[in-house]
Amino acid sequence: MKVRAIALSLFAMGVMSMTASAVAAPRAEASSSQVSAHADAPKLDWTIRRGVMGLTGPTIKKVSFSPDSRYLAIVESPSWLETDISVWDLEQHKEQAHIHCPFNYADSLDDDLLWIHDGKVITFGAKKQWNPMTGEALHDNPAIGRSARLNKDRTKMLTIVGAIGEPTTIHVYDTRTWALQKIELDGLESSVASWTADDKILVSVSVVPASHGKTIDGRVIDWYDSAVRLIDPSGKSPTKAVWFPPTKMSDQDLAHSFPIGARTKTNFATNEVVLESGEIVDAATLAIRRYHSFDPTDDAPGSFGYAFSPDGKRIYLKGSTFVEKRKTIDNTIVDTASGKPLVQFSGALDGVADLDASPDGKTLAIGSEHSVLIYRLR
C-alpha cells in the first residue's frame, strides 16, 4: 500500500492540461443533492466453501458472474503456477463444472476471467478458453496480449501487446470471428486500457525511448510525462488527451503524476472508467474526480476488489484486515456521483480474493481465502 500511497500523492500534485482541445480538463464536482444518497448494507445469504469446511484448500483469487447472473466462476490457486476454475450454479447451490489450467492466471492481477458468446465460453483473454457448463477445453482463440477487457456487449475484446519499456499496440478482436484490428499508440507505452460505453478506448500512457522528444497531441513529450488518452477505433473522432507533467521528488528525481499502472474497470452505465487508486475518469470529457472509503488514509480504495451496480450508481469495495498495526477497512458501498462512502459491512476481510456484482443487481459475491460469501443486495 505504501507504493500506492506515493502514486496517489504524486497524482494530487500533478498539473493537468487538455491537449486535444487546448482547454484544461475540468475537475468533476458533486452537488449537494448528489451526496445525500442512502444505501442499505447487503444481507449475507449463504457461503460457498472450498476445500475442507472452508478452512483449508485452494486459495480463492477472483470471482466473476455469468451474463445471466445464474453462474459464478471462482478462480482458485491450488498450487504454485496453477489455476483452477470452479463454476457454481447459484440456483441449484452446486458446482456445475471444474476446470484445471497449468498456467498462473489466478495470481495475475491483469487477467480477469471473461464470459463471451452469451456465456457459453469463458477465457482469460488470449488463447485458452473453456465451456463453463461442462469444463471442456475448447480450441484456443488466436488472440495474443495481456490485460484483456470486453466492451459493453461483449462482442469486442482488447488486449495490450508490447514488452515493458517498449511502445504498446492495442489489439482489438471481434469475439465471434476473431478478426483483428491493431491500434498504435504513437510510440507510447501503456499497461492499462479500458473500453468506454460508446466503444472508444481509454488508455493511460507513459514515455519510452521511442516516443521521447516527439510531438504528440500537440505537446513535446519529455521523460516522466504521463497521460490519459481517449481513442476511437473507428477513426471517426480525433484522439483526446489529458497530459500530466512529471512531479519533482527532489532536485534530481522525477516521478509520474498520474497512477499509470493502476488497474481499471469500466462503469458502462455512467460511461466512466474507475481506477483502483481512487480516480473516476469521465470517458466523454476526461474530467477526473475521486471516490473514497470510510478510511481517510486509504490511498487505493479499490485495490482489494471493486464492482458496480447495474445502474452505475453504486461502487462496491472489498475491505481487508492487515498484519501491520492498521485499522481494518470494512467492505463499503460508495455513491458513484459524489464519490462518498454510504455504508460499511463486514465479511471476507482477508485481503486475498476479489468481489463481483451480478448483472441483474441482486447478488454480491466476495471471495475470502477458501470461501465465497454470497450477499443479497437490497
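Laboratory data are not the source of any read-out in this text; all were calculated from the coordinates shown. Small disclaimer: the values here were computed from a predicted structure and weren't measured. Using ideal geometry, Cβ is built from the backbone for each residue, glycine included, and neighbour counts are taken over all protein chains shown.
What is the gain in length, in nm to one decimal, between residue 140 and residue 180 on full extension, counting 0.36 nm per residue of separation less the C-alpha to C-alpha distance?
Here the answer is 12.9 nm.
Mind scanning 248/340; 200/265; 62/152; 156/318; 62/94; 265/313 and naming the pairs with a C-alpha gap bigger than 25 Å?
Long pairs (Cα-Cα over 25 Å): 248/340; 156/318.
Taking only Cα atoms, what is the 0 to 90° angle, nearest 10, from helix 2-13's long axis to the longest principal axis of the chain?
40
Note down the relative contact order for the chain as a percent, whole number, built from C-alpha pairs under 8 angstrom at least six residues apart.
19
Residues with beta-carbon under 9 Å from that of residue 61, excluding residue 61: net charge, scoring Lys, Arg +1 and Asp, Glu -1?
-2
Could you list which residues have their amide H under 5 Å from that of residue 369, counting only those 5 or more apart in sequence or on another chain, with H placed in the peptide plane?
60, 352, 353
Put one equal scatterer on each alpha carbon of region 2-376, apply the Debye formula with no solvent term, and list log10 I(q)/I(0) at q = 0.07 1/Å to two decimals.
One equal scatterer on each Cα of region 2-376 leads to -0.30.
Fewest first, what order do 157, 249 take by the number of other Cβ atoms within 10 Å?
Fewest-to-most Cβ neighbours within 10 Å comes out as 249, 157.
Which net charge results for the neighbourhood of residue 214, defined as the other residues with beta-carbon distances under 12 angstrom from its beta-carbon, given Lys and Arg at +1 and Asp and Glu at -1?
-3
Report the extension gain between residue 285 and residue 219 in nm, rounded to one decimal, defined as 0.36 nm multiplied by the number of residues separating them, less their alpha carbon distance.
21.9 nm
Can you put 52, 121 in order, fewest other beta carbons within 10 Å first?
Neighbour counts put them in this order, fewest first: 52, 121.
Binning every alpha carbon pair distance of region 148-277 at 5 Å from zero, what are the percents per bin?
Using 5 Å bins, I get a P(r) of 2, 11, 20, 24, 20, 13, 7, 3, 1, 0, 0 for region 148-277.
Run down the lysines and flag those whose C-alpha is under 21 Å from the C-alpha of residue 325, throwing out any fewer than 8 positions away in its chain.
Partners within reach: 2.
For the pair residue 328/residue 117, report the inter-label distance in nm, with labels modelled 7 Å from Cα in the Cβ direction.
If labels sit at residue 328 and residue 117, their model points lie 4.4 nm apart.
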